[in-house]
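Everything below concerns the one structure shown next.
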Amino acid sequence: MSIRSVGDRLRRPEYTGENRCLPCTVVNVCLVVVAAAVAAVPLGPPGGLAVLTVGLGAIYFRGYLVPGTPALTARYFPPWLLELFGKELELRETLVPVEDVAVRSTAEGGRLTDDFAAAWDARIERMREAGVSDDDVATLLGVESASSVSGDVAYVVDGGLRQWLSTSALLADAAAAAVLDARGGEAWAALAPDERVATLRDLRKFLGYCPGCGGALDEEETETVETCCTESERVLMATCVDCDVRLIEDLGER
């Protein structure tokens with residue numbers, strides 16, 4: 001059996017090549033170097049070199065050496081560290097804090113409560129005519145103030161920049177936040193800005209029409225690529241068929 005065929009049998013394509021995860025690779029290489037240094041003490045340089053060679057070979061062919069690395073990296077690496085390697089983890093919040101107010105469970109997975117849907121529609125109608133104000137965005141985020149900048153969907157908040165996918169997406173979120181601010185109770189009030197944005201983004205998937213013009217939505221599902229540090233999932237994308245404005249894109253939206 002040739003060396004190439006042995007390599008092909010050992011190779012894990014889901015964790016190598018284009019799917020190789022840099023954080024996992026760096027962690028495992030560091031561990032192999034440490035293990036080789038430790039082995040060199042009782043076994044001498046040849047022993048350390050052998051451990052280093054075997055370990056690096058395993059990482060090259062399999063993507064990682066330590067069992068469970070994909071799960072361990074995703075679970076224990078802080079977001080800021082993963083971002084350094086281009087593995088930005090998006091906030092994934094559920095609707096639990098406002099579920100009783102906004103969403104009820106169904107056989108299909110959930111739908112808006114009648115009261116919330118009616119109040120949301122009415123608020124969208126009013127905001128569509130008046131426009132989303134800086135105060136509306138501040139209410140959305142639960143902060144004292146927000147200042148709009150060029151583009152209608154970008155706002156300066158606490159020295160940082162918040163930006164929405166489109167004016168329709170912002171309109172939907174601001175209207176929903178206004179309703180939740182009135183009836184969401186302590187659960188909604190206690191959410192941090194990032195948690196509010198995530199919750200409103202999830203609520204937007206239940207809207208079913210374009211808040212900007214009232215047009216129908218063209219919906220499609222795509223699947224993200226599974227890597228070591230992220231799980232594959234189906235992501236909804238929705239665009240208005242009348243004004244061609246994107247209401248929902250993916251979990252990377254901010």
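The values are calculated or read from the model by the stated rules, or taken from the named source; none is laboratory data. This structure is a prediction, so every number in the text was calculated from the model and none was measured. Using ideal geometry, Cβ is built from the backbone for each residue, glycine included, and neighbour counts are taken over all protein chains shown. Ligands, DNA and RNA are excluded from the accessible area calculation, which covers all protein heavy atoms including side chains. Shrake-Rupley method; radii C 1.70, N 1.55, O 1.52, S 1.80 Å.
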Determine, for each peptide in 43-51, 28-36, the mean count of other beta carbons within 10 angstrom over its residues, then list the peptides with the highest first. 28-36, 43-51
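Students sometimes get this wrong: rank ASP121, ASP114 by accessible area, probe 1.4 Å, all chains present, largest first.
Details: ASP121 65, ASP114 105 Å².
Accessible-area ranking of ASP121, ASP114, largest first: ASP114, ASP121.
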Set the Förster radius R0 to 35 Å, insert the Cβ-Cβ distance between ALA216 and THR113 as r into 1/(1 + (r/R0)^6), and round the FRET efficiency to 0.05. 0.95
For the range 115-155, what are the per-bin percents of Cα-Cα distances with bins 10 Å wide, up to the bin holding the maximum? 28, 47, 24, 2
Run the numbers for VAL241 and ALA187: contour at 0.36 nm per residue of separation, minus the present Cα-Cα distance, in nm. 15.9 nm
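If you take the alpha carbon radius of gyration of the range 144-184 and divide it by 2.2 N^0.38 Å, what ratio comes out, to two decimals? Walk me through the numbers on the way to the answer.
Details: Rg = 11.1 Å, N = 41, 2.2 N^0.38 = 9.0 Å.
The value comes to 1.23.
Which length gain, in nm to one decimal place, applies between PHE61 and VAL41 when the Cα-Cα distance is subtracted from 0.36 nm times their residue separation? It would help to have the intermediate numbers written out before the result.
Working: separation 20, 0.36 × 20 = 7.20 nm, distance 2.73 nm.
Full extension from PHE61 to VAL41 adds 4.5 nm.
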